[in-house]
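Right, one structure below, let's go through it.
The values are calculated or read from the model by the stated rules, or taken from the named source; none is laboratory data. What you see is a predicted model; the values in this text were computed from it and never measured. Cβ placement follows ideal geometry from the backbone for every residue including glycine, while neighbour counts extend to all protein chains displayed. These area figures cover heavy atoms from the full protein model, side chains too; ligands, DNA and RNA do not enter into them. Shrake-Rupley method; radii C 1.70, N 1.55, O 1.52, S 1.80 Å.
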Amino acid sequence: MSTYLISDLHLDTGRPRITRAFFDFLRGPAAGASALYILGDFFEAWVGDDDDAPLVDEVVRELSRYSGSGVEVYLMHGNRDFLLGVDFAQRVGAVLLQDPTILSLAGHRVLLMHGDSLCTRDEAYMTFRRQARDPNWQQALLAKSLEERRAIAAQIRAVSKAMNSRKAVDIMDVTPEEVERMMRKYHVDILIHGHTHRPGRHHLTLDTKPVERIVLGDWDKSGWCLKAGKDALELMRWPIA
């Protein structure tokens with residue numbers, strides 16, 4: 001059986017076709033998988049595990065059915081859904097992963113990350129990331145009402161969109177030196193991440209050793225996944241109607 005890795009679906013009530021595409025993926029290509037890893041930004045925004053939006057109920061129903069079929073499901077926080085908690089993970093039968101996480105795939109020692117922490121040249125974002133990962137800041141945010149949190153999430157998205165439109169393209173991509181530092185630190189030969197919306201496979205040389213960085217694509221016009229078999233990794237893409 002194969003393992004599948006996806007990221008950056010950005011599920012949102014305003015994008016129902018992506019939700020349908022995800023459900024089709026669970027019932028189709030990923031049916032009968034040994035494991036599914038969702039590496040962050042599963043949702044466009046996450047205001048807390050007590051969110052009562054219909055979309056959340058739909059995802060809980062489908063993903064819990066999927067995990068109940070025997071597939072191991074793993075969730076990693078992204079920069080949009082950093083408030084995903086244990087309660088939601090339990091409801092869908094998933095395990096929350098630390099960022100980064102090491103595992104073995106297709107005979108390789110692999111490092112899994114969302115990827116936002118690799119974009120160190122984006123100083124404004126890195127400042128926000130440190131704040132958003134602070135437990136005290138998160139606790140204060142979750143103490144607010146759902147309506148307040150939804151308004152704050154909308155404001156954060158609007159500010160982020162406006163700021164990103166003014167940033168140089170390379171600033172929002174990974175910093176090569178940070179990629180090398182993380183791969184050395186964890187002694188891996190493959191790094192898999194999302195976040196940048198720049199899917200591809202990058203073959204590198206690190207300390208005379210061949211290594212690879214695999215970037216998962218965001219779901220918009222296409223769906224993306226990495227399929228890991230016994231001894232091969234395949235980055236797959238298909239159109240979303």
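Overview of results
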| item | result |
| --- | --- |
| Residue check for ILE6: touching a residue at least 12 places away in the same chain (Cβ under 8 Å) and in contact with a Lys or Arg (Cβ under 9 Å, 6 or more places away or on another chain) | no |
| Failed criterion for THR120 (all others in (1) assigned to a loop (DSSP other than H, G, I, E, B); (2) under 30 Å from ALA232 (Cα atoms); (3) open to solvent by 20 Å² or more (accessible area, probe 1.4 Å); (4) not charged (D, E, K, R) hold) | (2) |
| Condition met for ARG91 (free of Cβ contacts under 8 Å to residues at least 24 places away in the same chain, more than 18 Å from the chain's Cα centre (by Cα) and open to solvent by 60 Å² or more (accessible area, probe 1.4 Å)) | no |
| Matching residues in the range 223-235 - criterion: being under 19 Å from HIS202 (Cα atoms) and in contact (Cβ under 8 Å) with a residue 60 or more places away in the chain | TRP224, CYS225, LEU226, LYS227, ALA228, ASP231, ALA232, LEU233 |
| Residue count for the range 123-137, restricted to those that are within 23 Å of ILE38 (Cβ to Cβ) and more than 19 Å from the chain's Cα centre (by Cα) | 1 |
| Of all residues making up the range 40-54, the number that are more than 25 Å from HIS193 (Cβ to Cβ) and either touching a helix residue (DSSP H, G or I) at 6+ places or on another chain (Cβ under 6 Å) or hydrophobic (A, V, I, L, M, F, W, C) (or both) | 2 |
| Contacts under 7 angstrom Cβ, first residue in the range 18-32 being at pLDDT below 95, partner open to solvent by 40 Å² or more (accessible area, probe 1.4 Å), 6 or more apart | GLY32/MET1 |
| Some residue of the range 119-137 being in contact (Cβ under 8 Å) with a residue 24 or more places away in the chain and either β-branched (Val, Ile, Thr) or in contact with a strand residue (DSSP E or B) (Cβ under 7 Å, 6 or more places away or on another chain) (or both) | yes |
| Leading residue by the ranking (least open to solvent (accessible area, probe 1.4 Å)) among those in the range 68-88 that are out of contact with any Phe, Trp or Tyr (no Cβ under 8 Å at 6 or more places or on another chain) and among the charged types (D, E, K, R) | ASP87 |
| Single residue of the range 141-193 satisfying the filter (basic (Lys, Arg) and over 19 Å from the mean Cα position of the chain (by Cα)) that is farthest from LEU204 (Cα to Cα) | LYS144 |
| Some residue of the range 26-34 being touching a strand residue (DSSP E or B) at 6+ places or on another chain (Cβ under 7 Å) and open to solvent by 10 Å² or more (accessible area, probe 1.4 Å) | yes |
